[in-house]
Structure formats: structure tokens, C-alpha cells
Amino acid sequence: MNTTKADGVALVQGVADGNTAGDAVEVAVCAPSVYLDAVATAAGGKVGVGAQNCHHEATGAFTGEISAAMAKDIGCQYVILGHSERRHIFGESNADVCKKVHAVLAAGLTPIVCVGELLEERESGKTSDVVAEQMYGSLAGVSAEQMNSVVIAYEPVWAIGTGKVATPEQAEEVHAGIRSLMTAKYGEQVSESVRIQYGGSVKPDNAVELLSQPNIDGALVGGASLKADSFLGIIAGTKG
């Protein structure tokens, strides 16, 4: 819930104009729903556009919500689902996220499905269990073929907006675990093709080290994406 319309347009234009990575790095911005039309127009096809959330129904009496079809109609290619703030502030369950995943896939969009543990869950050694429960619950009924259109984002809740960052080793350990879970459910070929992003206080000065890990395929960037120069610095540190 950031920026004005003018700020959002200026931000995406700055990212689009300043991105020198070309096709080596897939870049997208996920704007507040009220600005998506303007941001998608400003992106001009140079930068992907995504919604931060959507409803699982295609139409209906759900005042204040947007559907996946609406997001697509306005120019989106992606929808973030199950972000920790949706889970822990708004009480969305794995089942809620799963219904949205199927709606987004049905609309022909790419869901970016977020999983991650609270600080107390990490400190009590439950990270693997929490991540597995969220992943399997959020992807229930998703086929191996559909997984080719899904992105997973690991975002430790304790590292989001706190300035704390999982060490590259901590992040890689969880990413490798997610990859193993994917292998167990969908097979090695699908597991290797699915992108797993890291989200949690990613900045230009830590992006290279994080993104050089074998199982970290990209970044889901929060605060550092609100300024074009810092976002471009992270993009520059992303492996192609």
C-alpha cells in the first residue's frame, strides 16, 4: 500500500528505462490495484506487471475485490498470492490461497505463491514443517503441467521489512528443501524448472550473494523496489 499514481508511473518508467539486463532477467512490478491500469500502460511491455492479490471467484458480489480476469484484462501477467501479510494480517489460510492459485492459473496468469515461517517457528525448529504445510496446502490439486506456470517465493516473515535478512546459507537451505519437496511431488524435471524466489529485506548490497545460491532463482522485493535505483541495483545482481 505505497505510492501515488504519479509515483507508481514514474517508478515503473524508471525501472523500464534503466534496466540493462535485457532478456537475461525477467522483471515485473506488482502495483496496488487502483494503479495497475496506469502502471501497465507506463510499463509499455518493457517490464511485467502483477497484482498484489485477487479473489478466487471470477465474478460476483464481493465488494472491494478484484478477480484474476480483471487483473489480466488490465494488463497483468502475474498475481502475488499468500504473501505473509495476507496470511498473518488478513487471516488467509492455505485453502484460501489454493483457491486463488487455481483461479489465477485458469485466467492464464502466473501465480507467485509465497511461503515462509514466523520468527518463533524458526527458533523452535519448525521452518521445514511450516514451509511444507504451506506449499502443499497452497498447491493442492495443481498438476505437474500447471507447475510450469507457477513461481514459489520463500519469504521468512521475520525478515520482511525488519532489516533482518536470512543469511545466504539459511535461505539456500530452505530453498533446497522446497526443491526437494517439489521433486517428491512432481518429479525432478518439474522441480528443476520451477523458479523459487527469495523475499525478505533484499537490497542491492546483499542481492548478489543471495542470488548466487544454487536454488535461489530470483527475488521478491519489498521496500527496496520503491526506488528505481535500488530496484535496478538488485536486478543487476540477479543471475541470468
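The values are calculated or read from the model by the stated rules, or taken from the named source; none is laboratory data. Predicted, not measured: the structure shown is a model, and the values here were computed from it. Cβ atoms come from the backbone with ideal geometry, glycine included; neighbour counts cover every protein chain shown. When the accessible area is computed, the model is the full protein with side chains, heavy atoms only, and any ligands, DNA or RNA have been set aside. Shrake-Rupley method; radii C 1.70, N 1.55, O 1.52, S 1.80 Å.
Could you please find all residues in the range 203-231 being small (G, A, S) and in contact (Cβ under 8 Å) with a residue 60 or more places away in the chain?
From the range 203-231, those small (G, A, S) are 207, 212, 218-219, 222-225, 228, 230; that's our starting set.
Answer for the range 203-231, where residues must be small (G, A, S) and in contact (Cβ under 8 Å) with a residue 60 or more places away in the chain: G218, G222, G223, S225, A228.
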Among residues of the range 134-169, those that are without any contact (Cβ under 8 Å) to a residue 60 or more places away in the chain, in a helix (DSSP H, G or I) and crowded, with 17+ Cβ neighbours inside 10 Å, counted: 8
Filter the range 108-133 down to the residues that are open to solvent by 20 Å² or more (accessible area, probe 1.4 Å) and either part of a loop (DSSP other than H, G, I, E, B) or in contact with a Lys or Arg (Cβ under 8 Å, 6 or more places away or on another chain) (or both) and list them by number. G108, L118, S124, G125, K126
Scope the range 19-44; condition modelled with pLDDT of 95 or more, small (G, A, S) and open to solvent by less than 50 Å² (accessible area, probe 1.4 Å); matching residues: A28, A31, A38, A40, A42, A43
When restricted to G161, G141, G177, the only residue more than 18 Å from L105 (Cβ to Cβ), at pLDDT 95 or above, out of contact with any Lys or Arg (no Cβ under 7 Å at 6 or more places or on another chain) and of a type in the set (G, A, S) is G177
Which condition number in (1) farther than 26 Å from Y136 by Cα; (2) within 18 Å of the chain's Cα centre (by Cα); (3) assigned to a helix (DSSP H, G or I) is the one that L11 fails? (2)
Report the residue count in the range 46-57 for those that are touching a helix residue (DSSP H, G or I) at 6+ places or on another chain (Cβ under 6 Å) and surrounded by fewer than 18 Cβ atoms within 10 Å (Cβ to Cβ). 1
Among the residues of the range 71-89, what is the count of those that are over 21 Å from C114 (Cβ atoms) and not small (G, A, S)? 2
